[in-house]
Amino acid sequence: MVIKVFLASSSGSTAIKKKQQDVVGFLEALKVEYAQLDIACSEENRMWMRQNVPQEKKPSNGIPLPPQIFNEEGYCGDYETFFDAKEDNAVFAFLGLPPPPGSKEADQGGIVQNGTHAEETKAENVPVDDSIEVPVEERNGNSHSDEEQAADEEELAEEDEAMEEDEDMAEVEEAEQQEEEAVEETDEVTEETQAPVEEEEEEEEQEEEAE
(Lines give C-alpha, C1' and ligand atoms only; values in the text may rest on other atoms or scores of the structure.)
Protein backbone atom coordinates (compact mmCIF):
# COMPACT_ATOMS: atom_id res chain seq x y z
CA MET A 1 0.00 0.00 0.00
CA VAL A 2 1.35 3.40 -1.01
CA ILE A 3 0.45 6.57 0.83
CA LYS A 4 -0.10 9.44 -1.60
CA VAL A 5 0.31 13.05 -0.50
CA PHE A 6 -1.05 15.59 -2.95
CA LEU A 7 0.64 18.98 -2.58
CA ALA A 8 1.38 22.17 -4.50
CA SER A 9 5.10 22.86 -4.86
CA SER A 10 4.64 26.41 -6.17
CA SER A 11 1.87 27.55 -3.84
CA GLY A 12 2.13 31.19 -2.79
CA SER A 13 0.29 30.50 0.46
CA THR A 14 2.53 30.31 3.51
CA ALA A 15 -0.16 28.40 5.41
CA ILE A 16 -0.43 25.71 2.73
CA LYS A 17 3.36 25.34 2.54
CA LYS A 18 3.60 24.91 6.32
CA LYS A 19 0.83 22.31 6.36
CA GLN A 20 2.52 20.36 3.56
CA GLN A 21 5.86 20.44 5.38
CA ASP A 22 4.21 19.25 8.60
CA VAL A 23 2.59 16.25 6.90
CA VAL A 24 5.70 15.24 4.92
CA GLY A 25 8.04 15.78 7.86
CA PHE A 26 5.92 13.70 10.23
CA LEU A 27 5.58 10.84 7.73
CA GLU A 28 9.35 10.80 7.30
CA ALA A 29 9.83 10.81 11.08
CA LEU A 30 7.56 7.76 11.32
CA LYS A 31 9.44 6.16 8.38
CA VAL A 32 6.20 5.78 6.44
CA GLU A 33 6.72 5.23 2.72
CA TYR A 34 4.80 7.78 0.69
CA ALA A 35 4.70 9.41 -2.73
CA GLN A 36 4.45 13.16 -3.33
CA LEU A 37 2.12 14.11 -6.18
CA ASP A 38 2.43 17.73 -7.30
CA ILE A 39 -0.82 19.34 -8.45
CA ALA A 40 0.95 22.55 -9.50
CA CYS A 41 2.95 20.87 -12.26
CA SER A 42 0.49 18.17 -13.30
CA GLU A 43 -3.07 18.79 -14.42
CA GLU A 44 -3.70 15.04 -14.18
CA ASN A 45 -2.72 14.98 -10.48
CA ARG A 46 -4.86 18.02 -9.74
CA MET A 47 -7.97 16.59 -11.44
CA TRP A 48 -7.50 13.17 -9.79
CA MET A 49 -7.24 14.75 -6.35
CA ARG A 50 -10.36 16.87 -6.85
CA GLN A 51 -12.40 13.97 -8.20
CA ASN A 52 -11.44 11.53 -5.43
CA VAL A 53 -11.92 13.74 -2.38
CA PRO A 54 -15.41 12.80 -1.07
CA GLN A 55 -18.03 15.45 -1.70
CA GLU A 56 -18.82 15.81 2.00
CA LYS A 57 -15.13 16.55 2.71
CA LYS A 58 -14.86 19.34 0.14
CA PRO A 59 -15.15 23.04 1.08
CA SER A 60 -18.14 25.13 0.04
CA ASN A 61 -16.61 26.07 -3.32
CA GLY A 62 -15.97 22.41 -4.15
CA ILE A 63 -12.17 22.83 -4.54
CA PRO A 64 -10.15 20.90 -1.92
CA LEU A 65 -6.85 22.45 -0.89
CA PRO A 66 -3.56 20.60 -0.50
CA PRO A 67 -2.31 18.68 1.32
CA GLN A 68 -4.74 15.80 0.69
CA ILE A 69 -3.76 12.28 1.79
CA PHE A 70 -4.75 8.96 0.21
CA ASN A 71 -3.92 5.29 0.77
CA GLU A 72 -3.80 4.04 -2.83
CA GLU A 73 -7.30 4.96 -4.08
CA GLY A 74 -8.80 5.34 -0.61
CA TYR A 75 -9.21 8.81 0.90
CA CYS A 76 -7.60 9.31 4.32
CA GLY A 77 -8.17 13.01 4.94
CA ASP A 78 -6.81 16.55 4.78
CA TYR A 79 -4.40 18.41 7.04
CA GLU A 80 -6.94 19.05 9.80
CA THR A 81 -7.91 15.39 10.17
CA PHE A 82 -4.25 14.37 9.91
CA PHE A 83 -3.38 16.82 12.69
CA ASP A 84 -6.17 15.45 14.91
CA ALA A 85 -4.90 11.91 14.37
CA LYS A 86 -1.37 13.07 15.14
CA GLU A 87 -2.51 14.65 18.43
CA ASP A 88 -4.29 11.42 19.37
CA ASN A 89 -1.33 9.17 18.45
CA ALA A 90 -3.49 7.54 15.77
CA VAL A 91 -1.70 8.42 12.54
CA PHE A 92 -1.27 4.82 11.40
CA ALA A 93 -4.97 4.13 11.84
CA PHE A 94 -5.71 7.37 9.99
CA LEU A 95 -3.51 6.16 7.11
CA GLY A 96 -5.07 2.69 7.15
CA LEU A 97 -1.76 1.09 8.13
CA PRO A 98 -1.01 -1.33 10.98
CA PRO A 99 0.93 0.43 13.75
CA PRO A 100 4.44 -0.88 14.37
CA PRO A 101 4.80 -3.10 17.45
CA GLY A 102 5.77 -1.20 20.55
CA SER A 103 4.51 2.17 19.29
CA LYS A 104 2.17 4.34 21.36
CA GLU A 105 -0.59 3.75 18.85
CA ALA A 106 -0.22 -0.02 19.08
CA ASP A 107 -0.35 0.19 22.89
CA GLN A 108 -3.44 2.43 22.84
CA GLY A 109 -5.27 0.30 20.29
CA GLY A 110 -7.28 3.36 19.22
CA ILE A 111 -9.34 3.12 16.05
CA VAL A 112 -9.65 6.09 13.76
CA GLN A 113 -11.27 6.20 10.34
CA ASN A 114 -10.87 9.22 8.09
CA GLY A 115 -9.75 11.28 11.07
CA THR A 116 -12.84 10.44 13.19
CA HIS A 117 -12.79 8.42 16.40
CA ALA A 118 -14.91 5.30 16.30
CA GLU A 119 -15.40 5.46 20.09
CA GLU A 120 -17.44 8.22 21.64
CA THR A 121 -15.35 10.74 23.55
CA LYS A 122 -16.18 11.86 27.04
CA ALA A 123 -15.57 15.51 26.32
CA GLU A 124 -19.27 16.15 25.76
CA ASN A 125 -20.05 15.18 29.34
CA VAL A 126 -17.51 17.55 30.90
CA PRO A 127 -19.26 20.53 32.53
CA VAL A 128 -18.29 23.93 31.16
CA ASP A 129 -16.99 26.55 33.56
CA ASP A 130 -18.67 29.81 32.54
CA SER A 131 -16.07 31.80 34.47
CA ILE A 132 -13.38 30.83 31.96
CA GLU A 133 -13.08 33.39 29.20
CA VAL A 134 -13.40 31.80 25.77
CA PRO A 135 -11.54 33.46 22.86
CA VAL A 136 -13.71 35.21 20.31
CA GLU A 137 -12.43 32.87 17.57
CA GLU A 138 -13.70 29.82 19.45
CA ARG A 139 -17.07 31.40 20.31
CA ASN A 140 -17.58 32.25 16.67
CA GLY A 141 -16.74 28.78 15.42
CA ASN A 142 -13.07 29.49 14.75
CA SER A 143 -13.84 32.34 12.37
CA HIS A 144 -10.17 33.19 11.95
CA SER A 145 -9.49 29.70 10.61
CA ASP A 146 -12.44 30.08 8.22
CA GLU A 147 -10.98 33.34 6.92
CA GLU A 148 -7.61 31.67 6.30
CA GLN A 149 -9.36 28.80 4.51
CA ALA A 150 -11.26 31.23 2.28
CA ALA A 151 -8.06 33.15 1.49
CA ASP A 152 -6.24 29.93 0.60
CA GLU A 153 -9.10 28.81 -1.64
CA GLU A 154 -9.11 32.17 -3.43
CA GLU A 155 -5.34 32.03 -3.90
CA LEU A 156 -5.49 28.50 -5.29
CA ALA A 157 -8.19 29.58 -7.76
CA GLU A 158 -5.96 32.47 -8.88
CA GLU A 159 -3.06 30.04 -9.36
CA ASP A 160 -5.30 27.84 -11.51
CA GLU A 161 -6.21 30.84 -13.68
CA ALA A 162 -2.55 31.86 -13.97
CA MET A 163 -1.59 28.34 -15.03
CA GLU A 164 -4.30 28.33 -17.71
CA GLU A 165 -3.14 31.76 -18.96
CA ASP A 166 0.45 30.49 -19.16
CA GLU A 167 -0.72 27.51 -21.21
CA ASP A 168 -2.65 29.82 -23.57
CA MET A 169 0.38 32.10 -23.96
CA ALA A 170 2.58 29.10 -24.72
CA GLU A 171 0.17 27.98 -27.46
CA VAL A 172 0.11 31.49 -28.96
CA GLU A 173 3.91 31.75 -28.95
CA GLU A 174 4.21 28.32 -30.57
CA ALA A 175 1.74 29.33 -33.29
CA GLU A 176 3.63 32.57 -33.94
CA GLN A 177 6.92 30.69 -34.18
CA GLN A 178 5.45 28.23 -36.68
CA GLU A 179 4.11 31.15 -38.72
CA GLU A 180 7.55 32.83 -38.79
CA GLU A 181 9.18 29.58 -39.90
CA ALA A 182 6.63 29.24 -42.69
CA VAL A 183 7.35 32.80 -43.87
CA GLU A 184 11.10 32.12 -43.86
CA GLU A 185 10.61 28.96 -45.91
CA THR A 186 8.49 30.91 -48.41
CA ASP A 187 11.19 33.57 -48.75
CA GLU A 188 13.83 30.91 -49.37
CA VAL A 189 11.72 29.29 -52.08
CA THR A 190 11.14 32.67 -53.71
CA GLU A 191 14.86 33.44 -53.77
CA GLU A 192 15.65 30.04 -55.27
CA THR A 193 13.01 30.58 -57.98
CA GLN A 194 14.22 34.07 -58.82
CA ALA A 195 17.90 33.09 -59.14
CA PRO A 196 17.56 31.06 -62.42
CA VAL A 197 15.41 33.82 -63.94
CA GLU A 198 18.03 36.44 -63.19
CA GLU A 199 20.75 34.22 -64.70
CA GLU A 200 18.73 33.79 -67.92
CA GLU A 201 18.22 37.57 -68.21
CA GLU A 202 21.97 38.16 -67.80
CA GLU A 203 22.76 35.60 -70.52
CA GLU A 204 20.29 37.25 -72.94
CA GLU A 205 21.84 40.68 -72.30
CA GLN A 206 25.32 39.30 -72.97
CA GLU A 207 24.18 37.74 -76.27
CA GLU A 208 22.59 41.01 -77.40
CA GLU A 209 25.79 42.93 -76.65
CA ALA A 210 27.85 40.35 -78.56
CA GLU A 211 25.66 40.76 -81.66
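The values are calculated or read from the model by the stated rules, or taken from the named source; none is laboratory data. These figures come from a predicted structure and were not determined experimentally. Note that each Cβ is placed from the backbone with ideal geometry, even for glycine, and that neighbours are counted across all protein chains shown. All accessible areas refer to the heavy atoms of the entire protein, side chains included, with ligands and DNA or RNA removed. Shrake-Rupley method; radii C 1.70, N 1.55, O 1.52, S 1.80 Å.
With every protein chain present, what is the per residue accessible area of segment 1-52 (1.4 Å probe, Å²)? Don't skip to the end; give the middle numbers.
Working: 2860 Å² over 52 residues.
Dividing the accessible area of segment 1-52 by its residue count gives 55 Å².
Please list Lys104, Lys19, Lys31, Lys57 from largest to smallest accessible area, probe radius 1.4 Å, with all protein chains kept in place. If you can, show how the numbers build up before the last one.
Details: Lys104 140, Lys19 40, Lys31 180, Lys57 85 Å².
From most accessible down to least: Lys31, Lys104, Lys57, Lys19.
Glu44 accessible area, nearest 10 Å², 1.4 Å probe?
150 Å²
Can you give the accessible area of Ser9 in Å² (nearest 10), computed on protein heavy atoms with a 1.4 Å probe?
Its heavy atoms expose roughly 70 Å² to the probe.
Leaving ligands and nucleic acids out of the surface, order Cys41, Cys76 by accessible area at 1.4 Å, largest first.
Details: Cys41 105, Cys76 5 Å².
The residues order as Cys41, Cys76, largest area first.
Between Glu180 and Glu28, how many nm apart are label points set 7 Å from Cα along the C-beta direction?
4.2 nm
Would you kindly state how much longer the chain becomes between Lys104 and Asn52 on full extension, computed as 0.36 nm times their sequence separation minus their alpha carbon distance, in nm to one decimal? Don't skip to the end; give the middle numbers.
Numbers: separation 52, 0.36 × 52 = 18.72 nm, distance 3.09 nm.
Separation in residues times 0.36 nm, less the Cα-Cα distance, equals 15.6 nm.
Please get the size of the charge dipole for segment 1-98, origin at its Cα centre, with Cβ charges of +1 on Lys and Arg and -1 on Asp and Glu, quoted in debye to the nearest 20.
Charge dipole, segment 1-98, about its Cα centre: 240 debye, nearest 20.
To make sure I understand the rule: partners must be lysines, Cα under 28 Å from the Cα of Lys18, and not fewer than 8 residues away in the same chain. Which ones qualify?
Partners within reach: Lys4, Lys31, Lys57, Lys58, Lys86, Lys104.
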